[in-house]
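Enquirer: Pasting a structure here, questions to come.
A short reminder: the numbers here are calculations on the coordinates, not readings from a lab. All figures in this text were calculated on a predicted structure; none of them were measured in a lab. Methodologically, a virtual Cβ is constructed for each residue, glycine included, from the backbone with ideal geometry; neighbour enumeration extends over all protein chains shown.
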């Protein structure tokens with residue numbers, strides 16, 4: 001799935017939750033759930049906030065790493081999202 005298509009569907013909490021589950025990284029899901037609860041946001045809103053934060057603040061190295069990962073990705077939307085979430089909400 002493309003990232004833009006995913007963003008369009010994030011207002012549906014079940015889509016947001018399934019998207020995070022599909023990343024197969026429970027630590028990302030746990031961190032996002034805590035952030036969402038702490039800020040009174042839904043998971044979808046938290047994901048969109050992370051994408052906006054990355055887009056506005058990522059350094060050139062982070063962008064280069066993302067582009068490198070996308071170059072060989074079978075599912076660019078998921079790869080991009082996982083990279084963004086790991087950058088914005090590090091372990």
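Enquirer: Once the piece of chain linking residue 45 and residue 70 is laid out straight, how much longer is it, given 0.36 nm per residue of separation minus the C-alpha distance between them?
Expert: Stretched fully, the residue 45-residue 70 segment lengthens by 6.6 nm.
Enquirer: Here's another thing I want to ask about it. What's the ranking of 78-89, 39-50, 59-70 by average number of surrounding C-beta atoms within 10 Å, highest first?
Expert: 78-89, 39-50, 59-70
Enquirer: Please work out which option in (i) 12.7, 39; (ii) 34.4, 112; (iii) 12.3, 36 gives Rg and Dmax of the Cα atoms in Å calculated from these coordinates, and answer with its label.
Expert: Calculated Rg and Dmax of the Cα atoms in Å: the matching label is (iii).
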